[in-house]
Amino acid sequence: MSCCHPDHPSQAPRTPSLHVGVCSTSTDPMVEVPGGVFRMGSDDPLGFHDDGEGPVRAVRLHPFLIDATAVTNDSFARFVEATGHVTDAEHLGWSFVFVGATRSDDPVVEQAPWWAAVEGAGWRHPSGPQSGIDNQGDHPVVHVSWHDALAYAGWAGKRLPTEAEWECAARGG
């Protein structure tokens, strides 16, 4: 049995079991993803190859737990309040925003024209200083770097998934 695809076409994939994990500061439900082999990556020519999206390759994983949902604005706000954490975007004073959510005068990233560098964008102001997260407490937190996510995971008594774990879980485990 594999993680995301059966080893043999006649094998049916298993459904991950749901666990409610109680960590030091988090009671968010977690999903157990069974170990096995899955096909990671993409051979799609439209992929962003600089991110290592391809080629497709077989990867073996041990069973692991992952949060059932993305970290929310409310959860991240509790972390910031408890620790005083300042995100990388807040340190820099800007972050990347999808072009459709920005003003037309925001500078676009040449290598990734779907992103614009927006002054004042951060987790509290996702589209720039004129935006906010009021009434969006249950939305996924955005403008969080790997360093910010690592700090949050440590505070929550958890760890970040590996890239392979993340892709396997995103494909349905």
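When each of Gly84, Gly36, Gly41 is tested for being on the phi > 0 side of the Ramachandran plot and under 17 Å from the mean Cα position of the chain (by Cα), the lone residue that passes is Gly41. Residues in segment 113-122 that are touching a helix residue (DSSP H, G or I) at 6+ places or on another chain (Cβ under 9 Å) and either surrounded by fewer than 19 Cβ atoms within 10 Å (Cβ to Cβ) or of a type in the set (Val, Ile, Thr) (or both): Pro113, Trp114, Trp115, Val118. Within segment 93-109, does at least one residue satisfy the condition of being crowded, with 18+ Cβ neighbours inside 10 Å, in a loop (DSSP other than H, G, I, E, B) and at pLDDT below 95? Within segment 93-109, one or more residues are crowded, with 18+ Cβ neighbours inside 10 Å, in a loop (DSSP other than H, G, I, E, B) and at pLDDT below 95.
Yes/no matrix, rows are residues, columns are (1) β-branched (Val, Ile, Thr); (2) surrounded by 13 or more Cβ atoms within 10 Å (Cβ to Cβ); (3) under 28 Å from Ala101 (Cβ atoms):
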position	(1), (2), (3)
Gln136	no, yes, yes
Val141	yes, yes, yes
Ser145	no, yes, yes
Trp155	no, yes, no
Pro161	no, yes, yes
Ala164	no, yes, no
Ala169	no, yes, yes
Gly173	no, yes, no
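Suppose the filter is at pLDDT below 95, touching a Cys at 6+ places or on another chain (Cβ under 7 Å), of a type in the set (A, V, I, L, M, F, W, C) and part of a loop (DSSP other than H, G, I, E, B); does Cys4 pass it?
yes
Specify which of the listed residues (Asp74, Asp88, Asp67) is in contact with a helix residue (DSSP H, G or I) (Cβ under 7 Å, 6 or more places away or on another chain) and either crowded, with 17+ Cβ neighbours inside 10 Å or at pLDDT 95 or above (or both). Of the residues listed, the single one that is in contact with a helix residue (DSSP H, G or I) (Cβ under 7 Å, 6 or more places away or on another chain) and either crowded, with 17+ Cβ neighbours inside 10 Å or at pLDDT 95 or above (or both) is Asp88. Can you name the residue in segment 65-84 that is in a helix (DSSP H, G or I) and in contact (Cβ under 8 Å) with a residue 60 or more places away in the chain and is also farthest from Asp134 (Cα to Cα) among such residues? Within segment 65-84, the match that is farthest from Asp134 (Cα to Cα) is Thr83.
The values are calculated or read from the model by the stated rules, or taken from the named source; none is laboratory data. Just so it is clear, the structure is predicted and the values come from calculations on it, not from any experiment. Note: ideal-geometry Cβ built from the backbone for every residue, glycine included; neighbour counts use all protein chains shown.
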